[in-house]
1. Tally time: how many residues in region 34-51 are modelled with pLDDT under 95 and out of contact with any Ser or Thr (no Cβ under 6 Å at 6 or more places or on another chain)?
2. Return a yes/no flag: does region 2-21 have any residue that is part of a helix (DSSP H, G or I), of a type in the set (A, V, I, L, M, F, W, C) and closer than 29 Å to residue 366 by Cα.
3. Could you tell me whether any residue of region 144-154 is assigned to a loop (DSSP other than H, G, I, E, B) and over 21 Å from residue 409 (Cα atoms)?
4. Is it the case that some residue within region 248-268 is touching a Lys or Arg at 6+ places or on another chain (Cβ under 7 Å), within 19 Å of residue 78 (Cβ to Cβ) and touching a residue at least 60 places away in the same chain (Cβ under 8 Å)?
5. State the number of residues belonging to region 53-77 that are among the aromatic types (Phe, Trp, Tyr) and outside any helix (DSSP H, G or I).
6. Condition first: under 13 Å from residue 406 (Cα atoms), touching a residue at least 40 places away in the same chain (Cβ under 8 Å) and part of a helix (DSSP H, G or I). Now tell me which residues in region 427-459 satisfy that.
7. Given the criteria under 21 Å from residue 330 (Cα atoms), touching a Cys at 6+ places or on another chain (Cβ under 7 Å), in contact (Cβ under 8 Å) with a residue 24 or more places away in the chain and not charged (D, E, K, R), does residue 75 qualify?
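The values are calculated or read from the model by the stated rules, or taken from the named source; none is laboratory data. Small disclaimer: the values here were computed from a predicted structure and weren't measured. Ideal geometry is used to build each Cβ from the backbone, glycine not excepted, and the neighbour counts take in all protein chains shown.
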Amino acid sequence: MKTFIDESKITALLDKAKTDPKKAAAVITKALKLKGLSLAETAILLNCDDKKTLAKLFKAAKTVKEEIYGKRLVFFAPLYITNYCANNCLYCGFRADNKKLARRRLSLDEIKAETAQLEKEGHKRILLIGGEDPVAGSIDFLEKAIAAAYSVKVGRGEIRRLNVNVAPLSVAGFKRLKNTGIGTYQLFQETYHEPTYKIMHPKGPKADYEYRLYGMHRAMEAGINDVGVGALFGLYDYKFEVLALLSHALDLEKSFGVGPHTISVPRLEPAFDTPLAGNPPHPVSDNDFKKIVAILRLAVPYTGIILSTRETPKLRNELLALGVSQISAGSRTNPGGYAGQHADAEQFVMHDSRSLLEVVKDIAKMGYSPSFCTACYRLGRTGADFMDLAKPGLIKSYCLPNSLLTFKEYLLDYGDKQAQQLGEKVIQKHLREIGNKKLRALTAEKLKRIEAGERDLYC
């Protein structure tokens, strides 16, 4: 079967696009118009490594990110409901042949307990992760699990939007998933290079490259408006993976009129009892990783770029200025982890162990506005409607006010004295930067209502 991933074309584009600072500068200038880039243009940037070009690239990525989304940064936390898996991915601690891993599958009550702990920390968005578990990954169980998470209310806490990263379903299965009220459906191809994919996924349902590749097509056919794609960098040449991710985005837009809502950029990390043992076949340096994020921001400017706690705090902070718009914080990658159980059952090693509160304070010091906003999902600004606002840079008119409102909530309900002092400075600074006077006044008025005890206000 012919797919939208044309390996020979991608390889030819990379071979043809020699290092050329002048051509790269022209591509970067074009990217500042927020129209995205072609495969050929992206290949030119991927092949440039001179310091001057990279400096221009990084500066442009920061500009584009702030033109689209402003200075807000969205927070979420992953919720693993199982580490049972039918697959045998060579890089994953959950692989079926790992006999040393402490296996655990959460009950509905345990899912509620994990959700309650996340709410106590202040999270409003979670990413439910189920893997290829025949039991917990089935649509029958997922429907119950999602309902269980949404049902939890602890004090002023609640999960306002639950996104999902589970094994690909049939169209019928995706229709049922949509009806649970999820936000974004997320699925990573891991590597788009089919020969490498087959080596890395020797058995289990995931061994079917094409079925996984077209998972997003089935999800969108089923009516799920927002989907999130990603690659696990380190399995194959990062330049190939970036062009393949762009090919995926372009094909979704061609087929459904809407590209991916998010792109995730995990790097391969050590995992317990795995054949790769943390040794990537194609290592990605920190500098190349920065380049990946910056180029994706220019090539697909309307997407949210997601960064996990796999990376160190220092590198995460640096990447915020290069295009990242969503980050996880206070994460656990083992089922039951938020209740402090089964630390030996995690999926991979994390390098950022800061709590949500610590991350909030750190990025507030950097001038960012932490956001727990879910307004677009609840007002129907999803799919094509979201893209109509994101592509011309209009979505930040909503993103900034809503980030300030949700940040104010967080500070009052979960922040310590230091966070409240830092946060109030950020809120007042960004409030003054809202250009529309009516919107600025409306935001100020809603901030006062939140101070008076109201919650869940948005624009």
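1. Number of matching residues: 5.
2. There is no residue in region 2-21 that is part of a helix (DSSP H, G or I), of a type in the set (A, V, I, L, M, F, W, C) and closer than 29 Å to residue 366 by Cα.
3. The answer is no; no qualifying residue exists.
4. There is at least one residue in region 248-268 that is touching a Lys or Arg at 6+ places or on another chain (Cβ under 7 Å), within 19 Å of residue 78 (Cβ to Cβ) and touching a residue at least 60 places away in the same chain (Cβ under 8 Å).
5. Residues meeting the conditions: 2.
6. Correct list: 427, 443, 446, 447, 450, 451.
7. Criteria not met by residue 75.
Per-residue answers, yes or no, for (1) modelled with pLDDT of 75 or more; (2) among the hydrophobic types (A, V, I, L, M, F, W, C):
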site	(1), (2)
362	yes, no
378	no, no
381	no, no
388	no, no
422	yes, yes
425	yes, no
447	yes, yes
